[in-house]
Amino acid sequence: MKRHKTFGLAASAAAVALGLGACGGGGEAAAPTTAGYNAGIDAVVRPSDATGGTIVFNNSSVPDSTDPGNTYYANMWNVLRLYGRSLVTYKSVPGNAGNQIVPDLATSLGQVSNNGLTWTYHLKPNIKYEDGSTVTSQDVKYAVERSYAKDVLPNGPGYFSLLLTDPKYPGPYKDKAPDKLGLKSVTTPNSTTIVFHLARPFSDFDYVAALPQTIPVPPDKDRGANYQLHPMSTGPYKFQSYQLDKQFTLVKNPNWSAATDPNRKQLANKFVFNLNVNADTIDNNLIHNFADVDMAGTGVQAAARADILSSPSLKKNADNAFSGFLWLTYINSKVKPLDNVHCRRAVEYAADKVAYQTAYGGPVAGGAIASTVLTPNLVGFQKFDLYSATTKPHGDVTKAKQELTVCGQSNGFSTNMAFRSDRPKEKATATAQQQALSRVGIKVTLQGYPSGKYYTNFAGVPNYVHQHDLGLAIGGWAPDWPDGYGMLYYLTAGPAIQAAGNTNIGELDSPVVNNLFTKAMATTDISARNQIWSQIDREVMSQAVILPGVYAKSLLYRSPRLTNVFVHSYYAMYNYSILGKKATGS
Amino acid sequence: MAAPLDVSPAEVSAAPEAALAGAGPVEGRSLGQIAWERLRRDKVAMTGGAIVVFLVLVAVIGPHLTQSPNAFHQELIDPTFSRPTGPLGGISAAHPLGVEPVNGRDVLSRIVNGAQYSLLIAFLATFLAVAIGVFFGVIAGYFGGWLDAVIARTMDVFLAFPLLVFALALVGVIPEQAFGLSGNSLRIALLIFIIGFFNWPYMGRIIRGQTLSLREREFVDAARSLGAGSGYVLFRELLPNLVAPIIVYSTLLVPTNILFEAALSYLGVGLYPPTPTWGGMLSDAVTNQYFQIDPAFMMVPGLAIFITVMAFNLFGDGLRDALDPRTR
């Protein structure tokens, strides 16, 4: 459901970049370097301060919105950094360090009060909009208020109304206060200070402050849903034009100051975003240098993948990066006989993980075999493997049979598996696991549902799941921010179980797990908190409510015409905020 | 494709004599015998007919002769691309038509087993659509007036009905068991019903149009003036003249219905995986973009559907010619 994707992994051993510092801010006039396969994962490829040129993006669809307050797509959040600055943001560096939150508009990360209930940010002085007016903390507050107006701006995440006091605030468009700043849970003691008042401690609040919804919006420029046609820029680029469904262009913003902003660069003259381009055409455009970036950042299509991997001259321009998703199968803890943990463990052992990987496209296009719910470079990830997923990747039939015996179902049992019938990869996974589980006598009937209603009407409705014996359900998850909370909470916390649109489909309501979440949210010490995420991961895996399938990967094509290219681990695609264009003719 | 109504006035006036001559008791041959004689001489139609018979045989006997359609052969799959190793989708002695991408299931065996389900569903659904369509089309065209108005508007409603939305709603409510059926047999019955029930207006409209023009013809007037009742006119005078359009449009409905099943399984109301169907194989190839990396996998079900359509069309054409020699 959370369509926002985060995560990329820097673990690829093949990653080699020649002679450059990892930091994107390097000032040396670097000569163009040749970079190889996966070079963009651990290092910045072709670091350069050369200016000029136009960078062309292609997108196979259209953005949900270019309004910072109305979008939930990772690629749009990545693009937004070109023209919007939030309170804090993700560091523009390759590798795991990209998960680190650093100050952006604010002078430092949030200062939390002793009781954990108030978070304070101070703005850097004299940050300007594109028209030269000064950014104030009231504008940031107004932007946060806009996230409450789901009737006008339906797409963005809803964390502020979830976490702050005053959750009934109707949004600025229905605000009775004359200055439209009636949200009581956010206060602005002066024009450079903003204070958030939380209903309960939430130690991950800096990740929330990094959402595009804290990019300031001047109230007098707000045009509701149409604000997306020209959002007021605080970043290095500003809107020049926007033809809906067709194209938008960004040009340099003269009022942006590089001195206050280490995470962005203003190198190219112009960014052009062409929309609704056929996905295969995009790949051809990239390979033949008619375009520079596939905006969606989800990797090339099957045809281009075959071409790229079989041609060394193309392969050296590709990066096989983690895409942020975990493909998984929920094992329901309420449907008989899977309400017995040993029956659930039997499923974990019996599943064929290689078949899972193959169904999603193999090790390159699909990803790596998973043994945990946390994906490898999420903050707090620790590797462990309770069900020999990596040591016996085709499944451990002996162990599975032992667990079945303990469960009292030594001959196996029957259950149903839900999958999205219009997703061939899920269908292939379902078919493969049906075969794998039949080896130990678990008879699975496959039930396909349309993906549009999968969570709202079928697999995400516990009543439906119970009535139809949906013991297993295929799905996937990508967190909104790169730590254990973003990944684990909606999948495994008891309070996350909902009557419809449920994401804790395993229906785990374990006091141990729930208490660990409460403890983590009150723990402001980052390393202590990160220990807790892995504890939760282990507990969830020992309860066997999730069968991890694949840490998803995608094959990205890195245009040789670009400079300062690297895969950002949080956005799980190339970082757009420091891109430059190689001088033509070279 | 010219139906009797399209002939020129000269031929119309010749029609009774021609009918008399054809039915002349020289050797006492029946109309059916004459038609069969004509059909037998039509090589193209006989080839089409032979292919149809062959397909039916494949569907009935084939599944007993082939290997399991659901056995995985992942050792034949190149893990990097999820596509079969070897030429043309992994063709080998053990797998004459290659194997599926991803799982490596035998394509020949899935085509043969799929024929059973696809043809069964397509034929029965076509039969249902034709039966309903002809019944209401003839009634509407022959009686006219308010009855025609009601039926014609009903057909409009059916044609405008958002079938896919209906199918989406259906996913949630179809039971596991009903009418003493469960599992795949229930789904098959359901598919036949949905496809047949929503396709009849196409047939109905054509038949209604044909009936409208036929009922004004002299032979119908003649029958009426001799005191024939509505039943006699409908079954003895009109229906035989409608056989040609019915056959031709039925042969065109069959492939549509094969693909219809694929669309419905895409929405989750099709047969339970791993049951093979032609439409399902085709939609797998298209939606997962296998056609780009393994075109052979799309060709096989595509060709199967193409050959079926072709055979039915050729046979249907010949049959119509045989039944109605004036259109040759």
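Things worth noting here:
- Checking A:K443, A:K427 one by one, the residue that is at negative phi, within 14 Å of chain B (Cβ to nearest Cβ) and surrounded by 21 or more Cβ atoms within 10 Å (Cβ to Cβ) is A:K427 and no other.
- Residues in segment A:446-470 that are in contact (Cβ under 8 Å) with a residue 40 or more places away in the chain and facing chain B (nearest Cβ under 10 Å): A:N457, A:F458, A:V461, A:H468, A:D469.
- Note on segment A:323-348: among residues that are within 24 Å of A:I41 (Cβ to Cβ) and either touching a Cys at 6+ places or on another chain (Cβ under 6 Å) or small (G, A, S) (or both), the one that is nearest to the other protein chains (Cβ to nearest Cβ) is A:S323.
- In segment B:272-297, the residues that are closer than 17 Å to A:K425 by Cβ and assigned to a helix (DSSP H, G or I): B:G280, B:M281, B:S283, B:D284, B:A285, B:V286, B:T287, B:Y290, B:F291, B:Q292, B:I293, B:F297
- Every condition in (1) within 14 Å of another protein chain (Cβ to nearest Cβ); (2) under 25 Å from the mean Cα position of the chain (by Cα); (3) not charged (D, E, K, R) holds for A:A432 except the one numbered (2).
- Segment A:501-514, subset assigned to a loop (DSSP other than H, G, I, E, B) and of a type in the set (A, V, I, L, M, F, W, C), residue surrounded by the most Cβ atoms within 10 Å (Cβ to Cβ): A:I505
- Residue tally, condition over 26 Å from B:L120 (Cα atoms), in contact with a helix residue (DSSP H, G or I) (Cβ under 7 Å, 6 or more places away or on another chain) and either free of Cβ contacts under 8 Å to residues at least 24 places away in the same chain or crowded, with 16+ Cβ neighbours inside 10 Å (or both), over segment B:73-100: 12
This table checks each residue for (1) more than 30 Å from A:V565 (Cβ to Cβ); (2) free of Cβ contacts under 8 Å to residues at least 40 places away in the same chain; (3) surrounded by fewer than 23 Cβ atoms within 10 Å (Cβ to Cβ); (4) not aromatic (F, W, Y).
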position	(1), (2), (3), (4)
A:R85	no, no, no, yes
A:G98	no, no, no, yes
A:T120	yes, no, yes, yes
A:V135	no, no, no, yes
A:Y148	yes, yes, no, no
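- Qualifying residue in segment A:515-534 (condition: in contact (Cβ under 8 Å) with a residue 12 or more places away in the chain, surrounded by 24 or more Cβ atoms within 10 Å (Cβ to Cβ) and in a loop (DSSP other than H, G, I, E, B)): no
- Taken as a whole, the condition of being in contact with a Gly (Cβ under 6 Å, 6 or more places away or on another chain), at pLDDT below 95 and surrounded by 15 or more Cβ atoms within 10 Å (Cβ to Cβ) applies to A:L153.
- Of the set (1) modelled with pLDDT under 80; (2) at the interface with another protein chain (Cβ under 9 Å from one of its Cβ atoms), all apply to B:D284 but (1).
- Unique match (being modelled with pLDDT under 95, over 25 Å from A:S65 (Cβ atoms) and in contact with a His (Cβ under 6 Å, 6 or more places away or on another chain)) among A:T118, A:T165: A:T165
- When segment B:73-88 is filtered for residues that are more than 14 Å from chain A (Cβ to nearest Cβ) and of a type in the set (G, A, S), only B:G86 remains.
- Of the helices (runs of 4 or more DSSP H) entirely within segment B:104-218, those holding at least 2 residues that are surrounded by fewer than 18 Cβ atoms within 10 Å (Cβ to Cβ) and within 14 Å of chain A (Cβ to nearest Cβ) occupy B:163-173, B:183-214.
- Taking the criterion of being facing chain B (nearest Cβ under 7 Å) and of a type in the set (S, T, Y), the only residue of segment A:349-382 that qualifies is A:T358.
- Screening B:Q289 with (1) more than 30 Å from B:S185 (Cβ to Cβ); (2) among the polar types (S, T, N, Q); (3) buried (at least 19 other Cβ atoms within 10 Å of the Cβ); (4) within 14 Å of another protein chain (Cβ to nearest Cβ) gives one miss only, at (3).
- For segment A:198-218, the condition holds for no residue, the condition being that it is touching a helix residue (DSSP H, G or I) at 6+ places or on another chain (Cβ under 7 Å), farther than 24 Å from A:G486 by Cα and either modelled with pLDDT under 95 or among the small types (G, A, S) (or both).
- The condition (being closer than 19 Å to A:F419 by Cα and either within 11 Å of chain A (Cβ to nearest Cβ) or crowded, with 23+ Cβ neighbours inside 10 Å (or both)) is satisfied by just one residue among B:P301, B:P274: B:P274.
- Summed over segment A:226-262, residues that are of a type in the set (G, A, S) and surrounded by 15 or more Cβ atoms within 10 Å (Cβ to Cβ) total 2.
- All positions within segment A:393-424 that are within 14 Å of another protein chain (Cβ to nearest Cβ) and aromatic (F, W, Y): A:F419
The values are calculated or read from the model by the stated rules, or taken from the named source; none is laboratory data. Nothing here was measured: the structure is a model prediction, and the numbers come from that model. Note that we place each Cβ from the backbone using ideal geometry, even for glycine, and neighbour counts take in every protein chain shown.
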